[in-house]
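> Shown below is the structure under consideration.
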Amino acid sequence: MKKYHAEPTVKLCLRNKKPLSNQSITSEKDVSDFFKNIIKSDREQIYVLHLNTKNKPVGLEQISMGTINQ
């Protein structure tokens, strides 16, 4: 059996002081609506959405993108 070793990485991201949107994120529906408005893709993607203390989006970071099966 083949063994795999993953190296931990640290990635810094810059966040805006001003919100990306005036919409507060308070529910799963709010998150879904936010992403529907900004991301159009035919692939699975994983993002981290950074919120300020008022639950307004201040940063968006793409972590992973899948491939298209043929």
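> In region 41-61, which residues are out of contact with any helix residue (DSSP H, G or I) (no Cβ under 9 Å at 6 or more places or on another chain) and either at pLDDT 85 or above or assigned to a helix (DSSP H, G or I) (or both)?
ILE46, VAL48, HIS50, LEU51, ASN52, THR53, LYS54, LYS56, VAL58, GLY59, GLU61
> Please find, within region 10-40, the residue that is modelled with the highest pLDDT out of those that are of a type in the set (A, V, I, L, M) and part of a helix (DSSP H, G or I).
Per the stated criteria, the residue is VAL31.
> Out of all the residues in region 44-70, which are open to solvent by 100 Å² or more (accessible area, probe 1.4 Å), more than 12 Å from PRO19 (Cβ to Cβ) and of a type outside the set (Val, Ile, Thr)?
Listed by number, the residues that qualify are GLU44, ASN69, GLN70.
The values are calculated or read from the model by the stated rules, or taken from the named source; none is laboratory data. Just so it is clear, the structure is predicted and the values come from calculations on it, not from any experiment. Positions of Cβ are generated from backbone atoms using ideal geometry, with glycine treated the same way; all protein chains shown enter the neighbour counts. With ligands, DNA and RNA removed, areas are computed over all heavy atoms of the protein, side chains included. Shrake-Rupley method; radii C 1.70, N 1.55, O 1.52, S 1.80 Å.
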